[in-house]
Structure formats: structure tokens, C-alpha cells
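Taken together, the values in this text are just the output of simple stated rules run on the coordinates, not laboratory data. What you see is a predicted model, and the numbers here were worked out from it, not measured in a lab. Quick reminder, even Gly has a Cβ in these numbers, built from the backbone with ideal geometry, and neighbours come from all protein chains shown.
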Amino acid sequence: MTQEILKWKLFSFSLLERAKKWYAHSVGGVNGNWDELRDNICLTFFPLFRIADLRIKILTFKHREKETLGAAWARFTSLTNSGPNLFLPDHVLHYHFYRGLNKEAAPHLDIASGGSFTHKLIDEAGGVLGILNANRKICKRTDTDVAFTREYYRVSIFHRERECTN
């Protein structure tokens, strides 16, 4: 079975209520063209004004007061995954996330990156942010609003050792 056939067979099971009705009504009009179906559903359920609004929210992201770095990253990735693909490259997303951080969190991200976060390769930046997100689930908020593991603080000459608890 090809990927195309598998998409068609499973797609309808991923839909609920209004979207399922839309699919039943629209599927015959696309003549088996998956790309046309995908574009139609995106335009129906994510009209251009919603896509533009989502894009603006991502590109003007701001770190909230008393929000941990891990929580900010989780909120940012939730925004980027809450609609259709906006075709924003990872390096652009990383830049706008970093640019939206507060004055205390940005240097912590640079330290965790082993240098300037904005100069990291996409895979390196994604790795650092992935670790932050994982640590967010392990550690409670610290007094610097940044939750890192104990091992990170041992190697950092800028911070005293801290202990993460559940």
C-alpha cells in the first residue's frame, strides 16, 4: 500500500464532527488529488486571517513574566504546531523565540548553548531547546526562572549548584 493510499484511508478517521461532514461533502470534488484536499481543508478550517494571526503571534512572541525558559519554549512550539505548516524555517523560528526572551532568560540560553544561541546550527539549537523542554518536566522553577538539571549547573561557572526536585 502506498503512502498516498494510506493517507486517504486514515485521514477521515482523524476528523471530528464538522470536519467529518465537510470531508464527506468535499472528497468527491477533488478527484483523488491529495494536495487539493489538503489545501481545501486548510482554507476551510484555517482561513487566511487565522493563518496571518498565527504567523504574527509566532513572529512577535514574548516571554511572559515568571515563565520558565522551558515553559516559554513549550508555549512557543504549541503555537507553531497549532495550525497548518507556515513554512517558516527552523532557524527563523529559533531566532524569533530567542528575540522574544526576557533579559534574564536569553543569557541562560546562550550559556546552555555553549555560546551564542543565535549562532548555533539548526540541529544544535533544536537539541538545546529539546533538553530544556525535557528538563521542564523534571525540574521545578528556580529563582532565575530557568529550570536546568543539576549537571548543567555543575559545569557552569556562572551559577551555584542547584537541585531539581519533582
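Which residues does the label zone of N81 cover in the stretch 1-28, counting backbone N under 17 Å from a point 7 Å along Cα→Cβ?
Within reach of a label on N81, which here means backbone N under 17 Å from a point 7 Å along Cα→Cβ, the stretch 1-28 contributes nothing.
Residue by residue, what Karplus-based ³J(HN,Hα) values in Hz, rounded to whole numbers, does the stretch 62-71 have, using 6.51, -1.76 and 1.60 with θ = phi - 60° and x for Gly and Pro?
My calculation for the stretch 62-71 gives 10, 5, 7, 4, 6, 9, 5, 4, x, 5 Hz in order.
Quote the relative contact order of the stretch 1-115 in percent (integer), defining contacts as alpha-carbon pairs under 8 Å separated by 6+ residues.
Numbers: 45 pairs, mean separation 28.4, N = 115.
So the answer I get is 25 percent.
Under the Karplus relation 6.51 cos²θ - 1.76 cosθ + 1.60, θ = phi - 60°, what is the ordered set of whole-Hz ³J(HN,Hα) values for the stretch 46-56, x standing for Gly and Pro?
Rounded to whole hertz, the list is 10, x, 4, 5, 6, 5, 5, 5, 4, 4, 5.
Peptides 125-131, 12-18: what's the order by average Cβ count within 10 Å, highest mean first?
Details: 125-131: 17.4, 12-18: 9.6.
Peptide ranking by packing, descending: 125-131, 12-18.
What's the ranking of 87-97, 64-74 by average number of surrounding C-beta atoms within 10 Å, highest first? Kindly include the intermediate steps, with their values, before the conclusion.
Working: 87-97: 15.4, 64-74: 18.1.
Most protected by this proxy first, the peptides run 64-74, 87-97.
Across the stretch 3-45, how large is the tail of the calculated P(r) beyond 17 Å, expressed as a percent of all Cα pairs? Write out the running numbers ahead of the final one.
On the way: 188 of 903 pairs.
Every Cα pair in the stretch 3-45 considered, those over 17 Å come to 21 percent.
Quick one: which residues, 5 or more positions from N102 or on another chain, have an amide H under 5 Å from its amide H? H modelled 1.01 Å from N in the peptide plane, none for Pro or chain starts.
Result for N102 returns H63.
In nanometres, what is the gap between the two model label sites at L10 and W34, each 7 Å from Cα along Cα-to-Cβ?
Roughly 1.1 nm, to one decimal.
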